[in-house]
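Okay, so here's the structure we're looking at.
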Amino acid sequence: MMVVDVIFYAFAAVTALAAIGVVSSRNQVHSVLLLILTFFSTAALFVLLEAEFLAALLVMVYMGAVAVLFLFVVMMLDMELNELKEQAINHLPLGLAVGGVILLEFVVVLSHSHALPAAASSIPNTLAIGRSLYTQHLYPFELASLILLVALVGAVVLTLRERKSGAKRQNISQQIARSRSEAVELVHRKPGEGA
Amino acid sequence: MTELNLFIQNQGLALLGPQWWPLVWTLVWTLIKIILLITPVMILVSYYTLAERKVIGYMQVRYGPNRAGFWGILQPFADAIKLFCKETLIPQGAKRAVFFLAPALTLVPALLMWAVIPFSPELILADINVGILYVLAISSIGVYGVLMSGWSSNSRFAFLGSMRSAGQMISYEVSLGFTLVPVILLSGSLSLKDIVEAQREVWHVIPLLPMFVIYFISGVAETNRSPFDLPEAEAELVAGYFTDYSGMSFGLFFLGEYANMILISFLGSLLFLGGWMPPIGLLSFIPGIIWLALKAGFLMFVFLWIRATFPRYRYDQLMRLGWKVFLPISLTWVFLTAVGLHLFGKV
Amino acid sequence: MSVGVKGWVWTFGLRELADGLAVTLRYFFKPNITIQYPEERTPLSPRFRGEHALRRDEKGEERCVACKLCEAVCPAQAIFITIDPSSTAEKRLTQIYDIDQAKCIYCGYCQEACPVDAIILSQNFEFYAETREGLVADKQRLLGNYERRKESIDANLLADARYR
């Protein structure tokens, strides 16, 4: 039906325009917000391609977590745009090279895979992805999760600071576990005896 | 109903022709369905605000609002009129576009999630097969309204409030998500309808009671409600991320928050309390939607009950609870559920 | 500092939270103690210090003798008095007697200082004005305040007299 096509191209246009906005916007926060819009309209494209699972994951992981952290950093940092621009010119050759490689890969992949597997109609795509991940691609999948785990541990190690010796910290479970008998002592004294 | 439908169809075909009519009809019919869903939700939201003030009032041996109409029944309308009539102030130095986008981005995801909530086996706007993932995905968008409002207000209070709130929301989303995994494992489906159907014999709350408790507490934190209402800790941050909002743009944040609370209640009763299933077979003569309403209503009451009871958490305690208590427990339970399912041969 | 099995069960059973919830639930069903103000009122003491009034004596003459003790004692300097130039040694009268009710702190010192029981604070606390000027009560208004609630003012003075 052509309605779906119209909606698809509308979302595709939004994606492209937002992506251009990401790199051309002068305000970094606006850039990140446009990046989020790009993620969202990409998710909408996935939905239109009947890949609901991928769409949900994209929104959950990229919009719900990754982009929030971007936004956090960009909002907190006081960035000097001019300095960034000067640096950007220095990095131009490298950036162009990487961009060129990615473009080349796209062209190669797109020109060699006319037979992209159509969304299987009989089984839900969640099931299809699950089967593919846990049978065909089990080892790469496990390897990827191992890399993520290493990164996770690395992040913990990097941010874990030993407190200065002698610094007091709150130990909540210890506080809660205190009972009346440990904390209070009732002493009976006659008047005039003193403590 | 079908006759009316046919009549409209024929008239429309005659008027617009077979090219355009189906398109227009689809759009109009979808719009009508959306309005039929959103209107009750908004009415529920407005009366939930009244219920909150009443319940907390009675718990503090007060009456709560009882002047506008009998038993305060018109209070939500009075509040709405007041909010509509108030001037919308824009702080100096605010980023206008983002400033006005933020309240909308808080309310819209809260309403979007209702699309996949099944009220009975038939009564569901969009029966998609990844319903629960859809809810999680959309709920993660809600953070942006908070972040954008705090940043665009150009105010320290709002910014600090939004930072806290966003940190809190993404932290508790993790444990919230993990409490749902055992439910998905037990039901073997991501569709909310199938999950409810899977509870025909035993409600998920029985094998997954700790998950239900963590789900609910995380839900309270996710919706920034007391005792986790740090973003709007009045004592320190005035009103948190919506400090600089007034009039209806403030109202939108409010509506979003309450719509989210009601959603968490409905989702909780669908995922853990058996949805529209009666507690015992004998009571099945009562329609399922009433059972669902009763269960969700109870959870909504618990939201208010908690607010009337507990003092506010400190921020580091909140983070500690989320990451060091809820996350390990829910991960362990995911593991145990999977092992149990494997051992007892359900998979 | 061992917590024991019981302690663990209490902690993970959210025992203390349940205790708290039980308290609020108990109060939920208790009768409310709110006074529905315009319809229901709490009793007021005869000494209650509300809106000011200037009393008249039995013959209907103003009691105030323009001694200005109240003006002197007023800690908020809310009272302003001038003497009527036609005053004689037998009969002194005020020309202006203004009380700024916005300045007044309702301490009742003027009433205590008054040698002739002229200025008093009545039990009325329901008065308002839409401007600051409206809160400056002149002599006519103060006398009128007395006229309007003569009985209750005199009765309250009588009830309180034996403690003074």
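The values are calculated or read from the model by the stated rules, or taken from the named source; none is laboratory data. The model shown is predicted, which means the values in this text are computed figures rather than measured ones. Note that each Cβ is placed from the backbone with ideal geometry, even for glycine, and that neighbours are counted across all protein chains shown. Accessible surface is based on the protein model in full, side chains and every heavy atom, while ligands, DNA and RNA are left aside. Shrake-Rupley method; radii C 1.70, N 1.55, O 1.52, S 1.80 Å.
I'd like the carbon and sulfur percentage of the solvent accessible area for the range B:52-134, probe radius 1.4 Å, heavy atoms only, ligands and nucleic acids excluded. Accessible surface attributable to carbon and sulfur in the range B:52-134 totals 68 percent. Divide the volume of the convex hull around the Cα atoms of the range B:86-343 by the residue count and you get 124 Å³ per residue. Comparing B:D194, B:D127, B:D316 in a Gaussian network model of chain B (Cα springs below 10 Å), the most mobile by mean-square fluctuation is B:D316. Placing +1 on the Cβ of every Lys and Arg and -1 on the Cβ of every Asp and Glu, with nothing else charged, gives the range B:1-84 a dipole about its Cα centre of roughly 440 debye.
Taking the average, over residues, of other Cβ atoms within 10 Å as the packing measure, peptides A:96-105, A:49-58 rank A:49-58, A:96-105 from highest down. Think of the range B:1-84 as a dipole: +1 on every Lys or Arg Cβ, -1 on every Asp or Glu Cβ, centred on the Cα centre; then among B:I43, B:F7, B:Y58, B:Y58 lies furthest on the positive end.
Might you report the magnitude of the Cβ-based charge dipole of the protein assembly as shown about its Cα centre, with Lys and Arg at +1 and Asp and Glu at -1, to the nearest 20 debye?
Around 1700 debye, computed over the protein assembly as shown.
With the Kirkwood sum run over all distinct C-alpha pairs, the range A:3-141 has a hydrodynamic radius of 17.9 Å. Relative to the Cα centre, the charge distribution of chain A, modelled as +1 at Lys and Arg Cβ and -1 at Asp and Glu Cβ, gives a dipole magnitude of about 1060 debye.
Nearest 100 Å² is fine: how much accessible area is buried between C and B, summed over both sides, with a 1.4 Å probe?
1500 Å²
Think of the range A:3-141 as having a plus end and a minus end, set by charges on the Cβ of Lys, Arg, Asp and Glu; of A:F11, A:M75, A:T126, A:T126 sits farthest toward the positive end of this dipole. Judged by a Cβ-Cβ distance under 4.7 Å, the unpaired cysteines of the protein assembly as shown are B:C85, C:C64, C:C67, C:C74, C:C104, C:C107, C:C114. According to the Cα-based calculation, Rg over Rh for the range B:220-347 is 1.08, with Rh computed by the Kirkwood formula. In the range B:1-128, Cα pairs under 8 Å separated by at least six residues give a relative contact order of 16 percent.
Interface burial in the range B:164-213, defined as at least 40 Å² less accessible area with all protein chains than with the chain alone at a 1.4 Å probe, covers B:I170.
Answer rounded, prolate or oblate for the range B:77-140, using the Cα gyration tensor with square roots of eigenvalues a ≥ b ≥ c: rounded when a/c is under 1.5, else prolate when a/b is larger than b/c, else oblate. It is oblate, given that a/c is not under 1.5 and a/b is not larger than b/c.
Normalised radius of gyration (Cα atoms, divided by 2.2 N^0.38 Å) for the protein assembly as shown: 1.31.
Using r as the Cβ-Cβ distance of A:A183 and C:V23, and R0 as 22 Å, what FRET efficiency do you calculate, to the nearest 0.05? E between A:A183 and C:V23, to the nearest 0.05, is 0.45.
Here is the link list: B:K54/B:K86; B:K54/B:K324; A:K164/B:K324; B:K33/B:K54. Which ones come out longer than 30 Å on Cα distance? Listed pairs above 30 Å: B:K54/B:K324; B:K33/B:K54.
Residues C:F28, B:F285, B:F157, B:F266, ordered by accessible area of protein heavy atoms at a 1.4 angstrom probe radius and largest first, appear as B:F285, B:F157, C:F28, B:F266.
Residues in the range B:82-89 carry Karplus couplings, in order, of 4, 5, 5, 7, 6, 6, 8, 8 Hz; the curve used is 6.51 cos²θ - 1.76 cosθ + 1.60 with θ = phi - 60°, and Gly or Pro positions show x.
Taking only protein heavy atoms and a 1.4 Å probe, the accessible area of the range A:3-141 is 74% carbon and sulfur. Rolling a 1.4 Å probe over the protein heavy atoms gives the protein assembly as shown an accessible area of 60 Å² per residue. Comparing the full protein assembly with the isolated chain (1.4 Å probe, heavy atoms, ligands and nucleic acids excluded), the residues of the range A:45-69 losing at least 50 square angstrom of accessible area are A:E52, A:M60, A:V68. Take each residue in B:302-311, count the other chain C-beta atoms within 10 Å of its C-beta, and the mean is 3. Just going by the charge dipole of the range B:111-225, with Lys and Arg at +1 and Asp and Glu at -1 on Cβ, which of B:L180, B:L209, B:S155 is farthest out on the positive end? Final value for the positive-end residue is B:S155. Shielding by partners for peptide C:28-36, expressed as the average number of C-beta atoms from other protein chains within 10 Å of each residue's C-beta, is 4.
Using a 1.4 angstrom probe on protein heavy atoms only, the contact between A and B buries about 2200 square angstrom of accessible area, both sides summed.
For chain C, with all protein chains in place and a probe radius of 1.4 Å, 57% of the accessible heavy-atom surface sits on carbon or sulfur.
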